[in-house]
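A quick write-up on the structure given underneath.
What follows draws every value from the coordinates through simple rules; no lab data is involved. Fair warning: this is a prediction, and the values are worked out from it, not measured in the lab. Positions of Cβ are backbone-derived with ideal geometry, glycine not excepted, and every protein chain shown enters the neighbour counts.
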Amino acid sequence: MTEPSRYGDGVAVVVVTYFPGEDLDRFLDSLEKATTRDVHVVVADNDSTDDALDRAEQRTNTHVLRIGQNLGYGGGANRGVATLDDRYGWIVIANPDLEWEPGSLDILLDAARRWPRGGAFGPLIRDPDGTVYPSARLLPSFGRGIGHAVFGKVWPANPWTRAYRQERGAPVERTSGWLSGSCQLIRREAWDSVRGFDTRYFMYFEDVDLGDRIGRAGWHNVYVPSAAVTHIGGKATSRAPKKMLAAHHESAYRYLADRHRGLAWKPVLAAVRLGLKLRLKFETRGA
């Protein structure tokens, strides 16, 4: 028999910001139409100086947490969640450059009732042109990961990328290895069971790592395409593209190294690190 939750049924939205500009206004405006419930919003800010935070503070049920340093996405999210009391049993972790479709958060909450072992729930994510982004994927193995890394840009339809991205037919509600960190509804007990994001991941792969650990803890990552958001994307990353590419490659290596320990893996990991270093040099040449 499942023990009763120590948390209430309240919903909190933690939006992690870094110079969000007008994106934050659109996010908060569209959130008002995404649910009929009262939600508490925490803007966990990684040391921005624009006036978007001042505007956010004027809204009801919105708390701006000025962290005072850039902790990265996972670190900022963890700090935001830490401010919540036990009334909130449901947490949304999100980027500010999202627009919610009307009713989308309520649809995610409805799905959570159908999946009592669901730990995280991800909506369908559209790019601004309407293209569906593959936001629910398999966990990267060495085979899939290397195949996707090597051939993903020059041969997009390669079998490793297609398997990893899980782009097969119309999107349906299902479990997944991991969900895009740009927007997830997370059950508070599941969050506690894995202690949130691993803050060693400054940017990238923090969501892959979280999904893996949620699954290992006995919960499901559930893709809910009946709920939808649009992800404008890329503003924080575009401020320092070379630095962000380096962070991506470092996080990819950390994810694999964490899961393949021991002497036998050291030569393989050394080759992976060299390959990632060469790829980074290739991708940033002329930058």
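If I take R0 = 41 Å and measure r between the Cβ atoms of D51 and L263 in this structure, what FRET efficiency does the formula 1/(1 + (r/R0)^6) give, to the nearest 0.05?
E between D51 and L263, to the nearest 0.05, is 0.15.
For the stretch 14-55, what's the relative contact order in percent, using C-alpha pairs closer than 8 Å and at least 6 residues apart?
Relative contact order of the stretch 14-55: 69 percent.
So between A270 and E189, what do we pick up on full extension, going 0.36 nm a residue minus the alpha carbon distance?
Gain on stretching A270 to E189: 25.4 nm.
Pull up the cross-link candidates among the aspartates and glutamates for K33, meaning alpha carbon to alpha carbon under 13 Å and not fewer than 8 places away within one chain.
Cα-Cα hits under 13 Å: E99, E101, D106.
Report the gain in length on full extension from T131 to S226: 0.36 nm times residue separation, minus Cα-Cα distance, nm rounded to one decimal.
32.7 nm
Show which aspartates and glutamates lie in cross-link reach of K277 when reach means a straight Cα distance below 15 angstrom and same-chain residues fewer than eight apart are skipped.
Within the straight-line cut-off, K277 pairs with E250.
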